[in-house]
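To start, the structure under review is shown below, and the notes come after it.
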Amino acid sequence: MHRSSYPISPRPTNFRVGAILLSRSDSDPTFAEDTILSTGYTMELAGNTHAEQCCLANFASVHGVADEDVGSALPATPRHSLVMYVTMEPCGKRLSGNTPCAARLAATRNAGRGIQKVYFGVKEPGTFVGESVGCAMLSEAGIEWEYVSGFEKEILEVAFAGHENPAREVEEALEGIRVEREKA
Ligand SMILES: Nc1nc(=O)c(N)c(NC[C@H](O)[C@H](O)[C@H](O)COP(=O)(O)O)[nH]1
Ligand SMILES: [Zn+2]
């Protein structure tokens, strides 16, 4: 029951992001036993959709539940965790006013079930909403998060692809990351 997905060119009003949802054994240090549960990318599904939103919506539609009930369809396998990797920090606010992804991820948490950890490769640049609050929202929902460094340039080149001057925005964002690092 996959909803129609259609290739759409990148736009200047959001970022191009990718997400993947895994079930991970708690006793597998090499992550070799990871099971892919779903994937999603910005604008994959009709409407003004985000990568994490599509990843969850794809899982919901394959399991025949409404998007908002995806938490009930997620597996609760003993000694396994549900982990999402997203190229960019899940949004905590969206200029469109649509439900932010951090809120969607938080909504999967119920009685100890749901998504336990999110990894991402860049914090959200300040382009649209300034200081990002996605991580704070994840922490508040009891979802761990971790920044995986080293892929910033590749991630930002994809994220800014539909913008007016992607090269300049990538450079500015990388400079911002360098400044933050020096401050730390
Ligand atoms: N993590 C993440 N995944 C995405 O797929 C995506 N597009 C964004 N983008 C965050 C950015 O803050 C919003 O795209 C703007 O705030 C505009 O909001 P809309 O996207 O129009 O709701 N962030
Ligand atoms: Zn989002």
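The values are calculated or read from the model by the stated rules, or taken from the named source; none is laboratory data. Remember, predicted model here, so these are calculated numbers, not experimental data. Using ideal geometry, Cβ is built from the backbone for each residue, glycine included, and neighbour counts are taken over all protein chains shown.
Things worth noting here:
- Only one of the listed residues (Glu180, Glu171) is modelled with pLDDT under 95, assigned to a helix (DSSP H, G or I), away from ligand 2 (no atom under 15 Å from the Cβ) and among the charged types (D, E, K, R). That residue is Glu180.
- First in the stretch 124-149 and at positive phi and in contact (Cβ under 8 Å) with a residue 40 or more places away in the chain, second anywhere and among the acidic types (Asp, Glu) and surrounded by 16 or more Cβ atoms within 10 Å (Cβ to Cβ), Cβ under 9 Å, 6 or more apart: none
- Checked against the criteria, Phe151 does not count as aromatic (Phe, Trp, Tyr) and within 12 Å of ligand 2 (Cβ to nearest atom).
- Residues within the stretch 68-103 that are more than 26 Å from Ala173 (Cα to Cα) and of a type in the set (D, E, K, R), tallied: 3
- The conditions of being more than 12 Å from ligand 1 (Cβ to nearest atom) and in contact with a helix residue (DSSP H, G or I) (Cβ under 7 Å, 6 or more places away or on another chain) are met by Ala60.
- Apart from one condition, Arg104 fits all of (1) within 16 Å of ligand 1 (Cβ to nearest atom); (2) at pLDDT below 95; (3) over 22 Å from Arg11 (Cα atoms); the exception is (2).
- Among residues of the stretch 82-95, those that are over 13 Å from the mean Cα position of the chain (by Cα) and touching a residue at least 60 places away in the same chain (Cβ under 8 Å), counted: 2
- Candidates Phe120, Phe151, Phe160 - the one that is within 20 Å of His50 (Cβ to Cβ) and out of contact with any strand residue (DSSP E or B) (no Cβ under 9 Å at 6 or more places or on another chain): Phe160
- Restricting attention to the stretch 20-57, the residues that are exposed (fewer than 12 other Cβ atoms within 10 Å of the Cβ), under 20 Å from Phe120 (Cβ atoms) and β-branched (Val, Ile, Thr) add up to 1.
- Test: residue in the stretch 149-157 that is exposed (fewer than 13 other Cβ atoms within 10 Å of the Cβ) and hydroxyl-bearing (Ser, Thr, Tyr): yes
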